[in-house]
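Trainee: Structure incoming, see below.
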Amino acid sequence: SEESIYSTVAPIFYVSKLFGLAPLNYVESSETRIEVKFSPAFVTSLIFKLITQFPNNLITTYIPDILLFSSFSINSIISIILAVTINKDKLKHMLVIMNQADKILFNKDSKYYITAKRDLFLRLIVLYLLVSFVILFDCIIWTMLFGMKNLLYFNYYLDMIINWTVVVQFMNYLILLKDRFKQLNGTMINLLKNRRYSESDITLKNLKHTILLSVITKKDSKENKEVYNWTYKDILHYNLTHELLFDATKLIISMFEIQIVISTFISFLSITIWVYFGFNYFFGYEFSLGFDNNLLLMGDLILSATSVIKLLCITLPSHAANCEIAKTDSVLRKLLLIRDMDRSILDEVQRFQEQVIQRQIKITALGFLNLDLSLFFSVMGAVFTYLVILVQ
């Protein structure tokens, strides 16, 4: 079948459907490949989550455990409900917008879609293998300690998988978005391809030098036509593409901002709580008779390390996408430095830059939480601060 954005996201779509996070059916059609239908997995997951919403005293009496498990339950319930109420239409709209932008950016280039689908599939395998190992290891340890009573934690493990699935969705959609901004920036940079000096594509690093050559070197009108072989319509197409990507960015943020805020809070709780319990097991403040404390310590450290990885899965793609988004304005400002550019093209580039400034795209959550590496270091700093207080 023809490769497109729909075939690219198919792996994450089917994985999400297993846990009720994609109440849509993937269908092959020339017009659309997504149709809205209630998924049996959605109904099953929602009913199960409502019945086993919060942990009870049969499972744990530790306040940190209750706080952590309740946060996981709340996040999974919100994710499942949003998937079928609000996000189902947003997902369809976002894919349609990206498909329209792809017609300008990739021009039916199937190589990108094949590569993107392969990379997405590999990320899914690696992350779900990691989550499966963590859950299996934790389940084995606590089953050895408490016996079959540990099966009551099944709800917690399901919540963990659902939470990871939402993060994986968010991460992969941001990576796809980043790829399109990168392609847009690269295409505009290649508009400055100077046949007189080099046949290789111009990169952002040597872009400034190329512009200086274009400004300083005197060329007649015939030479200029060879060097600047594009029209104002091309700039209009790129402006339209940027507008489409702007709309796609807003849809992605609105689909995941609530879940990402809760997931960030859960990551903070998980790292703090599990490292704190790990310290207790390491120094012997807590122990279980007849059981190796080193296994409990290892289990807690693995859980906290997994939460750190989840936080990186949120912040790293957001940081990379924000960098590519900000680069568009930098490219346009450099294009405006070309003095012998056609006036109609120059006016269109200037109009494009003004609209880019007005759009002010940035990956945030609920308008106040900047999803970049600064958030990661802030959370880790808060974890360290609370650990010092708890240890004292």
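Trainee: Solvent-accessible area per residue for region 252-375 at a 1.4 Å probe radius, Å²?
Mentor: Numbers: 5500 Å² over 124 residues.
Spelled out: the 1.4 Å probe surface of region 252-375, per residue, equals 44 Å².
Trainee: Multiplying the sequence separation of ALA305 and ALA10 by 0.36 nm and subtracting their Cα-Cα distance, what value in nm do you get?
Mentor: Net length gain for the segment: 103.3 nm.
Trainee: For GLU348, GLU354, give the ranking by accessible area with the largest first, probe 1.4 Å. Mind dumping the intermediate values first?
Mentor: Numbers: GLU348 20, GLU354 95 Å².
Highest to lowest solvent-accessible surface, that is GLU354, GLU348.
Trainee: On to the next question. What net charge is computed for the residues neighbouring PRO11, neighbours being all others with C-beta under 12 Å from the C-beta of PRO11, Lys and Arg scored +1, Asp and Glu -1?
Mentor: +3
Trainee: Rank-order 372-378, 236-242 by packing density, defined as the average count of other C-beta atoms within 10 Å over each peptide's residues, highest first.
Mentor: For the peptides 372-378, 236-242, the packing ranking is 236-242, 372-378.
Trainee: Shape verdict for region 85-124, please, from the Cα gyration tensor: rounded (a/c under 1.5), prolate (a/b greater than b/c) or oblate.
Mentor: Note, shape of region 85-124 comes out oblate.
Trainee: Same structure again: Just subtract the alpha-carbon distance of GLN358 and LEU236 from 0.36 nm times their residue separation and send over the number in nm, one decimal.
Mentor: So the chain would gain 42.3 nm between GLN358 and LEU236.
Trainee: Mind giving me the nanometre distance, one decimal, between the label points for LEU129 and ASP65, set 7 Å out from Cα along Cα→Cβ?
Mentor: Once both label points are built, they end up 3.2 nm from each other.
Trainee: Under a crude label model (7 Å from the Cα following the beta-carbon direction), how far is ASN99 from THR187 in nanometres?
Mentor: For the pair ASN99/THR187, the computed spacing is 1.8 nm.
Trainee: Ranked from highest to lowest mean number of other Cβ atoms within 10 Å per residue, what is the order of the peptides 163-175, 71-83, 118-130?
Mentor: The peptides rank, most packed first, as 163-175, 71-83, 118-130.
Trainee: Would you kindly state how much longer the chain becomes between PHE121 and ASP340 on full extension, computed as 0.36 nm times their sequence separation minus their alpha carbon distance, in nm to one decimal?
Mentor: Result: 74.2 nm gained on full extension.
Trainee: Quick check: pseudo-label points 7 Å beyond the Cα along Cα→Cβ at VAL261 and PHE368, how many nm apart are they?
Mentor: 0.8 nm
Trainee: I need the phi-derived Karplus couplings for region 373-387: 6.51 cos²θ - 1.76 cosθ + 1.60, θ = phi - 60°, integer Hz, Gly and Pro marked x.
Mentor: Calculated HN-Hα couplings, in order: 5, 4, 5, 4, 5, 5, 5, 5, x, 5, 4, 4, 4, 5, 5 Hz.
The values are calculated or read from the model by the stated rules, or taken from the named source; none is laboratory data. Every value quoted in this text rests on a predicted model; they were computed, and no experiment measured them. Cβ coordinates were reconstructed from backbone atoms using ideal geometry, including for glycine residues, and neighbour counts include every protein chain displayed. Just so you know, the surface numbers come from the protein's heavy atoms only, side chains and all, with ligands and any DNA or RNA stripped out. Shrake-Rupley method; radii C 1.70, N 1.55, O 1.52, S 1.80 Å.
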